[in-house]
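Data first, discussion second: the structure below is written as structure tokens.
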Amino acid sequence: RELRGPFRLERDEDGGATLVAESVPPSVNNMDVLNEYFGTFGAVVALDINHTRHEAIVTFGRYEDAIEAMHWHVLNDPSIGLRPWRSRHGQRGPPNSFMADSPAAPALSQAPA
């Protein structure tokens, strides 16, 4: 099922799709929590967290996985919004996203203190 209208989800060049989680509480707006949560829907290939705007940009490797994630409240919290990422004219992908499977990507687990 495709989302249409103002909430239309765009398929990227690799067959995936990107979502934006909005109004994410600071306590859960981190790589560990969000990668684990969104990873339950499928492979997360990029995750960019903006603490100032309280949002996260999540790119799934498969379009269908992004569609499935849109059917659920993020972390069972209805106050966290989830919408398709919309490109601006000439923009090719979400800005400043790290690639989750890149060798240069930071470790997704926290070291013991």
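The table below gives the values:
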| read-out | value |
| --- | --- |
| Search result, residues across the range 46-72 that are within 16 Å of LEU82 (Cα to Cα) and either polar (S, T, N, Q) or in a helix (DSSP H, G or I) (or both) | ASN50, THR59, TYR63, GLU64, ASP65, ALA66, ILE67, GLU68, ALA69, MET70 |
| Total residues in the range 12-45, condition open to solvent by less than 10 Å² (accessible area, probe 1.4 Å) and either small (Gly, Ala, Ser) or assigned to a loop (DSSP other than H, G, I, E, B) (or both) | 5 |
| Selection from the range 69-80 of residues that are surrounded by 14 or more Cβ atoms within 10 Å (Cβ to Cβ) and either among the hydroxyl-bearing types (Ser, Thr, Tyr) or over 13 Å from ASN29 (Cβ atoms) (or both) | ALA69, MET70 |
| Selected residue (criterion: farthest from the chain's Cα centre (by Cα)) from residues of the range 46-61 that are open to solvent by 40 Å² or more (accessible area, probe 1.4 Å) and more than 18 Å from HIS73 (Cα to Cα) | THR52 |
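The values are calculated or read from the model by the stated rules, or taken from the named source; none is laboratory data. These numbers come from a predicted model, not from an experiment. Backbone-built Cβ (ideal geometry, glycine too); neighbour counts: all protein chains shown. Please note that ligands, DNA and RNA were not included when accessible areas were found on the heavy atoms of the full protein model with its side chains. Shrake-Rupley method; radii C 1.70, N 1.55, O 1.52, S 1.80 Å.
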